[in-house]
2 protein chains.
Amino acid sequence: MVTNCANCPLRKIDVFKDLDRDELAYMQRFKHGELKIDSQSTVLMEGSNSPQLFTALKGMGLRYKTLEDGRRQVVNFVLPGDFIGLQAGVMGEMKHSVEATTPMVLCVFDRSELWSLFKTQPERAFDLTWAAAIEEHFLGEALATLGQMDAIERMSWGLIRFFMRCESLGLVDGDRCPFPYRQQDLADTLGLSLVHTNKTLMKLRQRQLLSLEAGILTLHDPEALKELAALEIEPVVQRPLI
Amino acid sequence: MVTNCANCPLRKIDVFKDLDRDELAYMQRFKHGELKIDSQSTVLMEGSNSPQLFTALKGMGLRYKTLEDGRRQVVNFVLPGDFIGLQAGVMGEMKHSVEATTPMVLCVFDRSELWSLFKTQPERAFDLTWAAAIEEHFLGEALATLGQMDAIERMSWGLIRFFMRCESLGLVDGDRCPFPYRQQDLADTLGLSLVHTNKTLMKLRQRQLLSLEAGILTLHDPEALKELAALEIEPVVQRPLI
DNA sequence: GTTCGTGCATTAAACTACGACATAGCTGAC
DNA sequence: GTCAGCTATGTCGTAGTTTAATGCACGAAC
């Protein structure tokens, strides 16, 4: 456990960088531990009584909301380094859950420890807020996509965005990156039906812009895709705003 | 100026509560000042070189993104107490702007002061992060709305959400609240065309669920609207998560 | 006062992108 | 083998967009 936390990506993304040289003290202070979950298992983050916050360490998944009638909206893909849980429990209506699409390792720590973090480790708190700002920005962009763009634009946007996130995590090999999601997941991300998602993917494949099979996404022509996405996409900024 | 900051809503929403008894010191420490803008004027928040953060003090407006081809997505309505500016400048593609739809008063302070806030006033920093979490949650809900709901559901959701925000600010009089927006603004919020927005509004009016005229929104049957919005809406929580 | 212009709400008619449904193929699990 | 879950395509209906015309309030010019 402790050894695992030594190379905890929390540090990698600088959210808790330089926390403490003593790993044991780190564990104790934040009461955090490791949680392994299988592929396809879900973590429900109900209302404010979700006492825990997570950071994804390994694996991939997705974060989504469910409506009572079964409709599902994927809010974002979950990649290593992502901080999850703050956004739950603010208001109380839709169910907010995280599902692993590959085996995952999460770093868990107690929500009650958050306040002490702000008091004792302002730098880390600052980084955490910065992470929230990045997420907020991403959601605004997603909102514009669902509100204004058609199927092809949405698909291009979604796949490029995912690819670039992988890129910044060093998960890209040439023009290929892992993509452990089903077309249904993509549909629920982009606000399209499964069928239409499939057809849109086909169009892009036929235009030789990408291929998507066996959990591998390949972008043959990222530039053309960016054109289609109707926006000039810049890489994700990692550095703070001071 | 200083007197104006004495009843600065920053305190009201507890983001900067109990900052300093001395208003002058408050002003000096955060180099913040007052900015009055007319109705229909806009503030552009380009990339990371937007050096300022705002809090809305008085009036209403909207925060939106613009695509190169002119399409516009309203991200959220701006009401007194809203903290704006963190989300800009993280990545760099769509233009992010704020437009006043009534005369507004903003409280401005320097982005460079943010870091000192985290070091010296952890409680305020904590509240700020909490505010970001609320916003993040709202955006997730908006995303689910644009991705999964049809026109009537979207309209019901949007108007109820706005009404409840007004409620929590004490701006509601009976079943009426101010609504200083055009139908085009609503359309760009909900991802609908202007004509369809109009038709949808008409349907809801004919069902006696609401009326919307002369800048006043009246909800005759909030319960029925909540049913239509396909979600059980809870009031916005103001208290922190410790 | 009339006349024009401008901005917004309203309504109707033509067109289209997308969803619903149905069906079939493909793969791996058992 | 069968069964379950995912992908692939075709047809058709509809919820939505686009365009355009009308009305209506308000202000400026004269």
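General observations
- Which numbered condition A:Met202 fails, given (1) surrounded by fewer than 15 Cβ atoms within 10 Å (Cβ to Cβ); (2) modelled with pLDDT under 85: (2)
- Considering segment B:216-240, and only residues there that are open to solvent by 30 Å² or more (accessible area, probe 1.4 Å) and within 16 Å of DNA strand D (Cβ to nearest atom), the residue that is modelled with the highest pLDDT turns out to be B:Ile216.
- Filter pass, B:Arg154 being more than 14 Å from chain A (Cβ to nearest Cβ), over 15 Å from the mean Cα position of the chain (by Cα) and either within 16 Å of DNA strand C (Cβ to nearest atom) or over 16 Å from B:Ser211 (Cβ atoms) (or both): no
- Qualifying residue in segment B:171-181 (condition: within 13 Å of chain A (Cβ to nearest Cβ), within 16 Å of DNA strand D (Cβ to nearest atom), closer than 24 Å to B:Arg71 by Cβ and open to solvent by less than 60 Å² (accessible area, probe 1.4 Å)): no
- Residue in segment A:142-150 that is within 16 Å of DNA strand C (Cβ to nearest atom), within 12 Å of another protein chain (Cβ to nearest Cβ) and farther than 28 Å from B:Ile84 by Cα present: yes
- Scanning segment B:186-198 for residues that are near DNA strand C (Cβ under 8 Å from one of its atoms) and either in contact with a Pro (Cβ under 9 Å, 6 or more places away or on another chain) or within 14 Å of chain A (Cβ to nearest Cβ) (or both) turns up just one, B:Leu194.
- A:Lys119 vs. criteria open to solvent by 20 Å² or more (accessible area, probe 1.4 Å), touching an Asp or Glu at 6+ places or on another chain (Cβ under 9 Å) and assigned to a helix (DSSP H, G or I): yes
- Filter pass, A:Leu128 being in a helix (DSSP H, G or I), within 16 Å of DNA strand C (Cβ to nearest atom) and in contact (Cβ under 8 Å) with a residue 24 or more places away in the chain: no
The values are calculated or read from the model by the stated rules, or taken from the named source; none is laboratory data. Bear in mind the structure is a predicted one, so any value in this text is a computation, not a measurement. When we count neighbours, we look across all protein chains shown, and the Cβ atoms used for this are built from the backbone with ideal geometry, even at glycine. These area figures cover heavy atoms from the full protein model, side chains too; ligands, DNA and RNA do not enter into them. Shrake-Rupley method; radii C 1.70, N 1.55, O 1.52, S 1.80 Å.
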